[in-house]
1. Which condition number in (1) surrounded by 12 or more Cβ atoms within 10 Å (Cβ to Cβ); (2) over 15 Å from the mean Cα position of the chain (by Cα) is the one that ASP33 fails?
2. Tell me which residues, restricted to region 33-60, are touching a residue at least 40 places away in the same chain (Cβ under 8 Å) and either outside any helix (DSSP H, G or I) or among the charged types (D, E, K, R) (or both).
3. What is the number of the single condition among (1) in a helix (DSSP H, G or I); (2) at pLDDT below 90 that GLU30 does not meet?
4. Considering only region 4-22, state which residues are farther than 16 Å from LYS53 by Cα and surrounded by 14 or more Cβ atoms within 10 Å (Cβ to Cβ).
5. Restricting attention to region 1-42, report how many residues are more than 30 Å from ILE57 (Cα to Cα), in contact with a helix residue (DSSP H, G or I) (Cβ under 9 Å, 6 or more places away or on another chain) and among the aliphatic types (A, V, I, L, M).
Amino acid sequence: MENKKIQLLQLSSIGLLLIALSQIIWHFFEIPDFYNGIFMGIGIGLMLFALMKRRKIKTS
C-alpha cells in the first residue's frame, strides 16, 4: 500500500515538473507551440492518472 502511494506521488511530481519546465523553457527560448503542448499534455495526463489511481486505492 505504501509503495503504491509513493509511486503515485512520484507520478504527480513528474507531471508537475513537466508542466513547470515547459513553461520555463517556453518563456526563455522560442519553442514551437506543438512541443509546449506535448509537454503540458503529458504533465496533465500524468497528474490525472495519479489522481484517478489514488481515488481507486482509497475506495478499495
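The values are calculated or read from the model by the stated rules, or taken from the named source; none is laboratory data. Keep in mind the model is a prediction, meaning the values are calculated, not measured. Glycine gets a Cβ as well: all are built from the backbone with ideal geometry, and neighbour counts include every protein chain shown.
1. (1)
2. The answer is LYS53, ARG54.
3. For GLU30, the exception is condition (1).
4. Passing the criteria: LEU16, LEU18, ILE19, SER22.
5. 2
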